[in-house]
Amino acid sequence: IPIGAEILTAQHQGGSLFVWAMVESENALEDRFILIRLTGQPLGDVGSYIGTFQSPSGSLVFHLFNEVGY
């Protein structure tokens, strides 16, 4: 992902999960990790909150977090 990108949200689209970010496409790239936790699962060491989405059936609820430091 381009350096300095701001992850905006994650949602289902057409049966797949997508992550949207605001980026400066000319910036150099860096690795970025997104942590996913199920509702009720221990958080552990997570960074800032990104968003929440449900499985297509609605039976599972997931929460996305940036890695620590983002």
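What strands (runs of 3 or more DSSP E) completely inside the chain contain at least 1 residues that are out of contact with any Leu (no Cβ under 7 Å at 6 or more places or on another chain) and loosely packed, with under 12 Cβ neighbours inside 10 Å?
Per the criteria, 6-13, 16-22, 49-54.
Under 7 Å between Cβ atoms, at least 6 apart or on separate chains: pull out the pairs that start in segment 8-37 with a residue that is farther than 18 Å from Gly69 by Cβ and free of Cβ contacts under 8 Å to residues at least 12 places away in the same chain and end on any residue that is surrounded by 14 or more Cβ atoms within 10 Å (Cβ to Cβ) and of a type in the set (A, V, I, L, M, F, W, C).
Phe18/Ala10
I'm trying to understand the selection: among the residues of segment 38-57, which are without any contact (Cβ under 8 Å) to a residue 24 or more places away in the chain, within 17 Å of Tyr70 (Cα to Cα) and not small (Gly, Ala, Ser)?
Leu43, Asp45, Val46, Tyr49 - these are the residues of segment 38-57 that are without any contact (Cβ under 8 Å) to a residue 24 or more places away in the chain, within 17 Å of Tyr70 (Cα to Cα) and not small (Gly, Ala, Ser).
Values in this text are rule-based calculations from the coordinates and carry no lab data. Just so it is clear, the model here is predicted, and its values are computed rather than measured. Glycine gets a Cβ as well: all are built from the backbone with ideal geometry, and neighbour counts include every protein chain shown.
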